[in-house]
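Participant: Below is a structure I'd like to ask you about.
Read-outs: derived from the displayed coordinates by stated rules, not from any lab. Model, not experiment: these values are computed from the prediction.
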Amino acid sequence: MKLYMPVLVITLLGFAIVPCAHAQENAADSSAIKSKLKEMEDAWVKALVSKDQAGVGNMIADDFAGFNPEGKHVTKSQLLDEAKNEPNTLSSAVNDNIDVHVYGSNAATVSGTTTEKGKDKDGKQFTRSYVWVDTWMERNGKWECIAEGVMLTPKKK
């Protein structure tokens, strides 16, 4: 029995350590995913300011499903058409209050707010804010937005 006691203790310690190491590995992976998706969200708004439809299109899955600020269901092609035909000119767009939730190694949601500044088609300046949530999935080594919901933030009275 004395001979087996050290083996038993080492085995039990091994079972205790492995989940901790796995949790640390998952936390590191989660942190990397969070950073990557925050960068992608920032690149998305920069692409909107510069009217870079290819840049936006590269981040959106072909089977994308979303809702625009007017509550209309949009596909990838419809979203890109809306961006292409946008009559307003943006001078800036900034994300804030970004919150990323990672669900395993290939799925995450990102929510936040975006404040846009620019001029409408008549040259009148505007500032508008949106709240949104994007669902991201990694497929074949590439992160893509597969779903989105956007709502215009009501103006404060």
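Participant: On full extension of the chain, what length is gained from Val94 through Asp63, given 0.36 nm per residue of separation minus the C-alpha to C-alpha distance?
Facilitator: Stretched out fully, the Val94 to Asp63 stretch lengthens by 8.5 nm.
Participant: Looking at this model, which pairs from Lys84/Lys117; Lys34/Lys155; Lys51/Lys119; Lys119/Lys156; Lys36/Lys119; Lys51/Lys117 are more than 25 angstrom apart at the alpha-carbon?
Facilitator: In this structure, Lys34/Lys155; Lys36/Lys119 exceed 25 Å between Cα atoms.
Participant: How high is the relative contact order of the range 48-145, in percent, counting Cα pairs under 8 Å that sit 6 or more residues apart?
Facilitator: So the answer I get is 24 percent.
Participant: I've got another one for you. Can you list the aspartates and glutamates whose alpha carbon is less than 13 Å from that of Lys76, not counting same-chain residues fewer than 8 positions off?
Facilitator: Partners found: Asp62, Asp63, Glu144, Glu148.
Participant: Okay, moving on. Where a Cα-Cα gap under 20 Å defines reach, which aspartates and glutamates qualify for Lys121, not counting those fewer than 8 residues away within the same chain?
Facilitator: Asp52, Glu70, Asp81, Glu82, Glu86
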